[in-house]
Amino acid sequence: MINVLVVGAGGREHALSWKLSSSDKIDQVYTAPGNGGTSQNIELSVNDIEGLAKFAHEKNCFTVVGPEDPLAAGIVDAFIEKGLPVFGPTQNAAQLESSKIWAKEFMKRNSIPTADFQIFDDAQSAKDFVKSYEKPVVIKADGLAAGKGVIVCHNKDEANDAIDTILTKKSFGDAGSKIIIEERIDGIEASYIALCDGKIGIPMATSQDHKRIFDNDEGPNTGGMGAYSPTPIIDEKLASEIQEKIINKTINAMHQEGIDFKGFLYAGIMIKDGIPYVLEYNVRMGDPECQPILMRLDSDLYDYLRASSEGKLNELPEISWKNDYSVCVVLASDGYPKSYPTGDVISGFNDIPSNSFVFHAGTKKQDDKIISNGGRVLGVTALGSTLQNAIDNAYDACKKIQWSNKYQRNDIGKKGLSSL
Ligand code: AMP
Ligand code: GLY
């Protein structure tokens, strides 16, 4: 028997730990550093690569890396060098997420559909470009900025402010030493995630995130306020187009450039006039998409992650999903994504019905209580035979959970209903 070490502290990592725990091939699942919902927590930061490697070696672990930061820092390369089994992309492969410029240039040279773009490191040239450009723009910091380095602009003043924020005021530090100015594409967004082994990518169930803080997609961007799966926005025809023109093309082009992409490849897709464009790549599972996707997974996740790391996905049977829909509503601390209180005691966990599960994100255990400890606190996730049914089940379960500064969106899944 082998043990598993899940690296990370969010809702995605609780979902990974939860699903991996159901494998009969695994003895213990450890999570580092974990949160109030994960059970065998190890007090190691996600960036303590040496400490994590030492623990994985001592406990005979297969390590599953959740978030992008340690992937960009080369955790997978370090584990491989030490002969430790690990799931996720190498540092080179992680450039698809860690440098938006690298990703855009990769897409351009490989004819992968994405918005037109220009790169700048100087504010005046960037502003001159905006002045002469006739279409609306989106301005992006090159590096990792915890999902906050993208500013969708509605006029030229907003674009100039965004340029100043990133290039002049350096609000994102070194992550903003270069920017991308790209054409704004107004369409419908969805998440397409594939599990890759360097040679092939098998599709996960489709999903749709809700990135803005308020209902009807208003207010600032967040890490994601809720997600559901599958999304009717990606029908079978569109799914096979995305698989072929984006996922397979990405894996093959990476391979030709000398990089085997192993791990979850997440394409953030904008669909306009039926055509899918890549807005961004992530090199990991989405959060919160992971929660509803894994709730629907019937296959043994461990088998698939292991095969991904060993380049053997073609040896496994077709992955199997429940027919049910799944909806995850994020319960956040009021004030998120700006400042918010923490330290509130959360109640109601024992009243959650059996069709639902509460994934923890920003929580911690204190004595025998669960207290809030972050912006996105919980992901209340429910199954249902229809999308409406899963939405109702998720919101019923949300009512059971209480704390003084709880905030939620009330329209998670609605966009899916309108396209059914
Ligand atoms: P990203 O981190 O690159 O996915 O960007 C964050 C969010 O900004 C996306 O989820 C979209 O809602 C929006 N966005 C990014 N790029 C574009 C674009 N070219 N056109 C319209 N919206 C965009
Ligand atoms: N839910 C969006 C992300 O994980 O980047």
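Quick notes
- Top-ranked residue of segment 52-75 - restricted to ones that are open to solvent by less than 20 Å² (accessible area, probe 1.4 Å) and free of Cβ contacts under 8 Å to residues at least 60 places away in the same chain, ranked as nearest to Val283 (Cα to Cα): Gly74
- Considering segment 140-164, and only residues there that are within 15 Å of ligand 1 (Cβ to nearest atom) and more than 21 Å from the chain's Cα centre (by Cα), the residue that is most open to solvent (accessible area, probe 1.4 Å) turns out to be His154.
- Residues satisfying the criterion are present in segment 167-176 (criterion: within 13 Å of ligand 1 (Cβ to nearest atom) and within 27 Å of Ser132 (Cα to Cα)).
- When residues of segment 337-365 are limited to those that are outside any strand (DSSP E or B) and touching a Lys or Arg at 6+ places or on another chain (Cβ under 7 Å), the one most open to solvent (accessible area, probe 1.4 Å): Asp351
- Considering segment 188-213, and only residues there that are in a loop (DSSP other than H, G, I, E, B) and at pLDDT 95 or above, the residue that is farthest from ligand 2 (Cβ to nearest atom) turns out to be Lys199.
- Filter result for Ala93 (under 18 Å from the mean Cα position of the chain (by Cα), surrounded by fewer than 16 Cβ atoms within 10 Å (Cβ to Cβ) and among the small types (Gly, Ala, Ser)): no
- Within segment 264-304, considering residues that are assigned to a loop (DSSP other than H, G, I, E, B) and either more than 16 Å from ligand 1 (Cβ to nearest atom) or over 25 Å from Leu20 (Cα atoms) (or both), the one nearest to the chain's Cα centre (by Cα): Arg296
- Taking first residues from segment 184-207 that are touching a residue at least 40 places away in the same chain (Cβ under 8 Å) and partners that are open to solvent by 40 Å² or more (accessible area, probe 1.4 Å) and hydrophobic (A, V, I, L, M, F, W, C), the Cβ contacts under 9 Å between residues at least 6 apart in sequence or on separate chains come to Arg184/Val152; Gly187/Ile275; Ala194/Ile200; Ile202/Leu316; Met204/Trp321; Ala205/Trp321.
- Residues of segment 320-336 satisfying the condition of being under 15 Å from Gly224 (Cα atoms) and either in a loop (DSSP other than H, G, I, E, B) or of a type in the set (Lys, Arg) (or both): Asp334, Gly335, Tyr336
- Taken over segment 1-44, the criterion of being within 19 Å of Gly223 (Cβ to Cβ), in a loop (DSSP other than H, G, I, E, B) and in contact with a Pro (Cβ under 8 Å, 6 or more places away or on another chain) is satisfied by Ala9, Gly10.
- In segment 254-295, the residues that are among the basic types (Lys, Arg) and surrounded by fewer than 20 Cβ atoms within 10 Å (Cβ to Cβ): Lys272
- Annotation note: of Asn216, Asn252, Asn314, the sole residue that is in a helix (DSSP H, G or I) and over 29 Å from Phe117 (Cα atoms) is Asn314.
- Residues that are open to solvent by 10 Å² or more (accessible area, probe 1.4 Å) and modelled with pLDDT under 95, drawn from segment 168-185: Thr168, Lys169, Lys170, Ser171, Phe172, Gly173, Asp174, Ala175, Ser177, Lys178
- Taking segment 220-240 as the range and being more than 16 Å from the chain's Cα centre (by Cα) and open to solvent by 30 Å² or more (accessible area, probe 1.4 Å) as the test, the residues that pass are Pro220, Pro232, Asp235, Glu236, Lys237, Ser240.
The values are calculated or read from the model by the stated rules, or taken from the named source; none is laboratory data. Since we're looking at a predicted model, the values are computed, not measured. Please note: Cβ atoms are built from the backbone with ideal geometry, for glycine as well, and neighbour counts cover all protein chains shown. These accessible areas exclude ligands, DNA and RNA; they are computed on the full protein's heavy atoms, side chains included. Shrake-Rupley method; radii C 1.70, N 1.55, O 1.52, S 1.80 Å.
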